[in-house]
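The structure appears right after this line, and notes come after that.
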Amino acid sequence: MNASQFLARLKQTGPPPVTLLIGPEAYQRRLVKQALLAAFPPEAIATHDLAEVSLAAVLDDARSLSLFASERLIWVIGAEAVLPRGRAAEADTDTGPAADGDPAPLAAYVKDPTPGVALVFEASRFDFEGDDKRKLERVAKFYSVVPDTVELRRLDTRAARIEAERLAAAAGARLDAEALDLLVESLGADLARIAIEIEKLALYAGSRAVGVGDIAALVPDARASNIFALVNALGRRDRARSLEILDTLTREGEYLPLALAFLCTQFRMALVAREANLKSASQIQSHFSRLGVPMWGSRAEQVQQTVAKFTRPQLERAVKLTFEADRAMRDAHPDDRIVMERFILDLAAAPAGA
């Protein structure tokens with residue numbers, strides 16, 4: 001089930017005996033956690049980390065009776081640590097005392113849970129897509145004995161925009177459509193960050209409407225103009241200007257992995273548009289809408305400008321280099337600035353007709 005379904009069920013029947021929260025989406029996880037915490041007094045809430053304690057110890061705690069509360073909530077973070085050492089190493093998962101790899105004790109508890117105890121396992125490290133998919137599948141397999149599993153998937157742009165509009169109304173913030181589009185896109189549809197920025201914008205703007213200028217001024221990652229200036233500089237093979245823009249983004253606090261994600265999306269969309277022989281922004285917008293990808297007019301114009309700057313081989317090379325840079329940023333101790341500089345130098349070094 002998803003977070004909304006779980007919250008609706010929670011209102012009707014109360015907390016289930018055992019729940020697994022799996023996935024990286026922080027905003028939905030926060031809503032679920034707030035709802036569960038609200039159902040118990042503070043003295044009836046305990047927290048464990050499976051990187052530090054064993055699963056057996058957690059289950060022993062769940063089995064024990066409290067002298068102070070008839071109903072208890074036991075919140076268990078780091079649920080990925082239950083993977084056995086061999087698999088955990090393969091899955092790039094730190095192993096702790098809990099890494100015994102045997103789901104039988106949990107299965108036995110699920111069949112006969114302690115009355116009044118809500119046991120919640122939180123597995124937030126891995127994503128449902130990309131390199132994390134296999135790792136998350138291993139975690140899900142271990143916890144398959146848990147009947148109530150809440151999947152916390154990242155929201156797509158359309159769903160994030162709908163929720164952002166609701167959050168803005170609840171906060172009393174008036175954002176015009178273009179500002180709301182920019183906010184959602186610049187923050188990568190990350191609702192946890194969007195909610196925080198909407199609260200800031202509501203306080204800043206007061207009763208007046210929030211415009212694009214306010215987003216660019218107040219939201220750290222809304223430096224879209226500089227990012228697209230970087231795209232144009234790369235299209236001209238202007239290394240010096242590209243590095244200057246990178247320096248500006250860094251000084252302004254831009255989160256470089258997100259900037260790289262912007263670039264990757266831009267190049268991919270431009271490649272699709274070039275392969276489809278789309279000539280104008282309106283054609284690009286219509287084409288992506290038919291594919292089920294929401295696109296606003298301003299974004300279609302940016303994609304059209306990128307198509308004009310890059311040939312098809314250049315776009316293919318750009319996509320490949322963004323993938324390599326993204327992988328480099330996921331290393332153990334990456335220097336994002338150096339990774340981005342290398343990416344810029346490699347892409348700008350390509351021959352004009354490459």
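Coordinate-derived values only; no laboratory data. Keep in mind it's a predicted model, so treat the numbers as computed, not measured. Because the Cβ atoms are built from the backbone with ideal geometry, glycine has one as well, and the counts that use them run over all protein chains shown.
Odds and ends about this structure:
- Relative to the dominant Cα principal axis of the chain, helix 336-348 is inclined by about 30°.
- Length added when fully stretched, A171-E244, from 0.36 nm per residue minus Cα-Cα: 22.5 nm
- Relative packing of peptides 286-294, 336-344 - highest average C-beta neighbours within 10 Å first: 336-344, 286-294
- Contour minus Cα-Cα distance for K320 and A332 (0.36 nm per residue): 2.2 nm
- Between A46 and K279, full extension at 0.36 nm per residue minus the direct alpha carbon distance yields a gain of 77.9 nm.
- Per-residue ellipticity at 222 nm from helix content only, as computed over the chain with -39500 (n - 2.57) for each DSSP H run of at least four residues, stands at -18000 deg cm²/dmol.
- Cβ-to-Cβ counts within 10 Å put V32, V82 in ascending order as V32, V82, the fewest first.
- For E137, E254, E151, the sequence from fewest to most other C-beta atoms within 10 Å is E137, E151, E254.
- Look at the alpha carbon pairs under 8 Å that are at least 6 residues apart: their mean separation over the length of the chain gives a relative contact order of 15 percent.
- Among (i) -0.41, -0.90; (ii) -0.51, -1.00; (iii) -0.47, -1.09, the entry derived from the coordinates for log10 I(q)/I(0) by the Debye sum over Cα atoms at q = 0.08, 0.12 Å⁻¹: (ii)
- Residue order, fewest to most beta carbons within 10 Å, for E25, E275: E275, E25
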